[in-house]
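Notes follow the structure.
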Amino acid sequence: MSGDPGEPGSWDSTTAGLVNRGLWAAAAGDTTLARRLLATIRKRSAPDLARQGFTPAVLQAWIAARTGRWQEVVQDLGPAALQGEARGYVLIQSAPLVRWLVADAYEHLDRPDSAAACFERAIAPVPLGGTDFIQSRMAFSFGHQRLVMLYARMGRVEEARRHWEILSGTFTRPDPELVPLLAEARAALAGAEGMARSARR
């Protein structure tokens, strides 16, 4: 989640517009702008903030992530990651993004089992009646790649292989800059399989 999303264009001044602009700034690494927008967002009315769901918390956590404060990410978003979506009417569905950020934080905190659990939930099929289908499908291949890496690291070969099979079967024509993701996952799985074979001898 560190790639520059490019030029965002113009934004409106609604709270939702400010939240989206803040998330865009955080994704681009402009934490100064992201902090300024978060401060403005926090001054909006309680009903308006409630309509934003978990996205203001996502913005706060993303700022923390950009500066390596991973425990704060877990503190800010851990409960939201368990819940999935804020209750009531919200303008932006954010469960996959919430869970991805928390998974990333757990991985940086050297808690690969918790990271894997969050990545699994980030790319899980949307429950009946759910509305975040597009977001979860956008993260699908990247989530499987991360899960191959995590399960291989933990020596959980069968789970790593299961995610590799899904990844290699669906991530068939990646852009050139994404090809190394396949090679990295393949190498991690091969290494874990080699260690497993050595342990059985």
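The values are calculated or read from the model by the stated rules, or taken from the named source; none is laboratory data. What you are looking at is a predicted structure, and each value in this text was computed from that prediction instead of being measured. Positions of Cβ are generated from backbone atoms using ideal geometry, with glycine treated the same way; all protein chains shown enter the neighbour counts. Ligands, DNA and RNA are excluded from the accessible area calculation, which covers all protein heavy atoms including side chains. Shrake-Rupley method; radii C 1.70, N 1.55, O 1.52, S 1.80 Å.
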query = Which condition breaks for LEU182 when tested against (1) over 28 Å from GLY78 (Cα atoms); (2) modelled with pLDDT under 95; (3) open to solvent by 70 Å² or more (accessible area, probe 1.4 Å)?
reply = (3)
Those residues of the stretch 59-72 which are in contact with a Leu (Cβ under 6 Å, 6 or more places away or on another chain) and open to solvent by less than 20 Å² (accessible area, probe 1.4 Å), in sequence order = LEU59, ALA61
ask   = Do we have any residue at all in the stretch 106-126 that's touching a Ser or Thr at 6+ places or on another chain (Cβ under 6 Å), closer than 20 Å to SER141 by Cβ, surrounded by 22 or more Cβ atoms within 10 Å (Cβ to Cβ) and of a type outside the set (Val, Ile, Thr)?
value = no
ask   = Across the stretch 15-71, what is the number of residues that are in a helix (DSSP H, G or I), in contact with a His (Cβ under 9 Å, 6 or more places away or on another chain) and farther than 17 Å from PRO96 by Cα?
value = 1
task = Quickly run through the stretch 73-96 and pick out the residues that are open to solvent by 30 Å² or more (accessible area, probe 1.4 Å), without any contact (Cβ under 8 Å) to a residue 60 or more places away in the chain and either of a type in the set (Val, Ile, Thr) or part of a helix (DSSP H, G or I) (or both).
result = GLN75, ASP76, PRO79, LEU82, GLN83
task = Output the number of residues of the stretch 63-79 satisfying the condition of being of a type in the set (A, V, I, L, M) and more than 22 Å from THR31 (Cα to Cα).
result = 0
query = Just checking, how many residues over the stretch 156-179 are surrounded by 14 or more Cβ atoms within 10 Å (Cβ to Cβ) and either touching a Cys at 6+ places or on another chain (Cβ under 8 Å) or of a type outside the set (Ser, Thr, Tyr) (or both)?
reply = 11
task = Taking GLN71 as meeting all but one of (1) modelled with pLDDT of 95 or more; (2) closer than 27 Å to TRP164 by Cα; (3) of a type outside the set (A, V, I, L, M, F, W, C), write down the number of the exception.
result = (2)
query = Can we say GLN60 is within 15 Å of the chain's Cα centre (by Cα) and closer than 17 Å to ALA25 by Cβ?
reply = yes
query = Looking at the stretch 148-201, which of its residues are of a type in the set (A, V, I, L, M) and over 23 Å from ASP113 (Cβ atoms)?
reply = LEU178, VAL179, LEU182, ALA183
message = Exactly one of these conditions fails for GLY169: (1) of a type in the set (Gly, Ala, Ser); (2) modelled with pLDDT under 95; (3) part of a helix (DSSP H, G or I); (4) touching a helix residue (DSSP H, G or I) at 6+ places or on another chain (Cβ under 8 Å). Give me its number.
response = (4)
